[in-house]
1. Taking Asp275 and the conditions (1) touching a Phe, Trp or Tyr at 6+ places or on another chain (Cβ under 6 Å); (2) charged (D, E, K, R); (3) open to solvent by less than 10 Å² (accessible area, probe 1.4 Å), which numbered condition does it fall short on, given that it satisfies the others?
2. Counting only residues that are surrounded by fewer than 22 Cβ atoms within 10 Å (Cβ to Cβ) and polar (S, T, N, Q), which one in the stretch 85-114 is farthest from the chain's Cα centre (by Cα)?
3. Out of all the residues in the stretch 289-336, which are touching a Ser or Thr at 6+ places or on another chain (Cβ under 6 Å) and open to solvent by less than 10 Å² (accessible area, probe 1.4 Å)?
4. For the stretch 402-424, enumerate the residues that are in contact with a helix residue (DSSP H, G or I) (Cβ under 6 Å, 6 or more places away or on another chain) and open to solvent by less than 60 Å² (accessible area, probe 1.4 Å).
5. Determine which single condition Thr451 fails, assuming it passes every other condition in (1) under 30 Å from Leu284 (Cβ atoms); (2) touching a residue at least 60 places away in the same chain (Cβ under 8 Å); (3) open to solvent by 40 Å² or more (accessible area, probe 1.4 Å).
6. For the stretch 361-368, check the following and say yes or no: at least one residue is in contact (Cβ under 8 Å) with a residue 12 or more places away in the chain and not in a helix (DSSP H, G or I).
7. Considering the stretch 371-385 alone, what residues qualify as being open to solvent by less than 40 Å² (accessible area, probe 1.4 Å) and either modelled with pLDDT of 95 or more or not acidic (Asp, Glu) (or both)?
Amino acid sequence: MKPQCDFCCGWRDPERHKVLFALALPMVFSNITTPLLGLVDTWVIGHLGQAWFLGGVSVGATFINVLFWLLGFLRMSTTGLTAQACGAHDQRAQIDTLLRAFSLAMLLGLLLLLLSPLLAKLIALSGGSEQVQRYAAQYVAVRIWSAPAALGNLVLMGWLLGRQDARGPMLMLIVTNLVNIGLDTLFVLVFDWQVKGVAAASVLADYGALVLGLWLVRRQLQQFSAGAWAGGGQRWLQLSPLVSLLRLNRDIFLRSLSLQLCFAFMTLQGARLGDIAVAANAVLLNFMMLASYGLDGFAYAVESMVGRAIGQQSRQQLREAIVLNLGWAGLIALCFSVVFALFGTQLIGHITDIPAVVAEATRQLPWLVAMPLLSVWCFLLDGIFIGATRAREMRNSMLMAAFGGFFPVWWLCQEWGVAALWAAMAALMVARGMTLGIICWRLEQSGQLLTARH
């Protein structure tokens, strides 16, 4: 039989597309509920009549998101390691990964609670108006109590995704965000708790998700053989695997730190440009997150598919996973850009009725239109490297993109005001995609991508 091109046969095989969409679509739809929650937060606060309420929630939520996203290595490393163990049919390794990662998540969550008085004081670094700082501090003081649950949820979702169970994380995200949206409306519009109501809704929703996630994982573990649990009480505490996990998480943490530094800078520098600027950026960033979370569904899919291919040592499956996900994610990104181009002005008007904020957001709309097509490639390539547990390459790429792209472009264009921040963000995404793409191509061509690095 004549061999087919590895890069083409996967795309021509309908069964491959079914496998991809069985993983990606649940995560696309569930991920979209997360930025929708941000849009609801912005909507309920944006109609209170003052820009500083919206600015306070934006700064406070950015601060908390930076903390939680910095610890996003909990999900990423768990997904990659679990997928590889699943591909190798190693149930013991899957259990060990879950226990190590979840224990680490609980320790980090408790540490954040202990440091919460100090964290709240850091809000003053935002440089926003007195009112923005006040309401941002209120948000952080309440929201930080969700830390153990939020970090535990990252591990549970990562483990389920590594086992190619996309329905479990979908249930966690959709149910949690719907509960959060309902509580948002109740606490803010009915009880008039303002910013504290938005934060309290998120705390309760995170703990609800933790209960649901533990139940879903328990159902999976019941399918494991009795032999998978032999010696489990001590095995997951062995030093060498723990050191490897911490080393992997260290590199992902540094990568995430550089990324979140750029997002935080965008919000905090916007705050220094005034309440209108930070509020307008909050509106556009919510739409950008909507596209990002939707595209991340394919990034999650490629993480699991690449990890499993490496576990099975199948180069053909590895190539098919890369080509299928890149192709479909590119098409979805184009759809987002078209929607923002055609309906962006109307969407902004639905989020806030403050005229000055609407005007500023509309001026920056072209950046939002371009962003999905500029950023989709780095999202997908991140997923490939997570599945391969090659965090060092992700770290190096992000450092180059942040300090060789984002900050230099902002410095050169800062006379543009708010537009300089969006130009810098565009440069960051393009630089990430280019550097990761070059590294991925070289590793795949040499066959090294099939070798996981722990």
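The values are calculated or read from the model by the stated rules, or taken from the named source; none is laboratory data. In this text, all values refer to a predicted model and were calculated from it rather than measured experimentally. Virtual Cβ from ideal backbone geometry, glycine too; neighbours counted across all protein chains shown. Heads up: the accessible areas ignore ligands, DNA and RNA and are worked out on the full protein's heavy atoms, side chains in. Shrake-Rupley method; radii C 1.70, N 1.55, O 1.52, S 1.80 Å.
1. Answer for Asp275: the failing condition is (3).
2. Filtering first and then ranking leaves Gln91.
3. Taking the stretch 289-336 as the starting set, the residues that turn out to be touching a Ser or Thr at 6+ places or on another chain (Cβ under 6 Å) are 293, 303.
Hit for the stretch 289-336 is Glu303, nothing else.
4. From the stretch 402-424, those in contact with a helix residue (DSSP H, G or I) (Cβ under 6 Å, 6 or more places away or on another chain) are 402, 405-406, 409-410, 413-414, 418, 420-424; that's our starting set.
Residues satisfying the conditions are Ala402, Gly405, Phe406, Val409, Trp410, Cys413, Val418, Ala420, Leu421, Trp422, Ala423, Ala424.
5. Looking at each condition in turn, Thr451 falls short on (1).
6. Scanning the stretch 361-368 turns up at least one residue that is in contact (Cβ under 8 Å) with a residue 12 or more places away in the chain and not in a helix (DSSP H, G or I).
7. Step one: filter the stretch 371-385 for residues open to solvent by less than 40 Å² (accessible area, probe 1.4 Å), giving 371-372, 375-376, 378-385.
Scanning the stretch 371-385 gives Met371, Pro372, Ser375, Val376, Cys378, Phe379, Leu380, Leu381, Gly383, Ile384, Phe385.
Yes/no per residue for (1) in a helix (DSSP H, G or I); (2) open to solvent by less than 20 Å² (accessible area, probe 1.4 Å); (3) in contact with a Cys (Cβ under 7 Å, 6 or more places away or on another chain); (4) modelled with pLDDT of 85 or more:
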| site | (1), (2), (3), (4) |
| --- | --- |
| Asp165 | no, no, no, yes |
| Leu204 | yes, no, no, yes |
| Val243 | yes, no, no, no |
| Leu268 | yes, no, no, no |
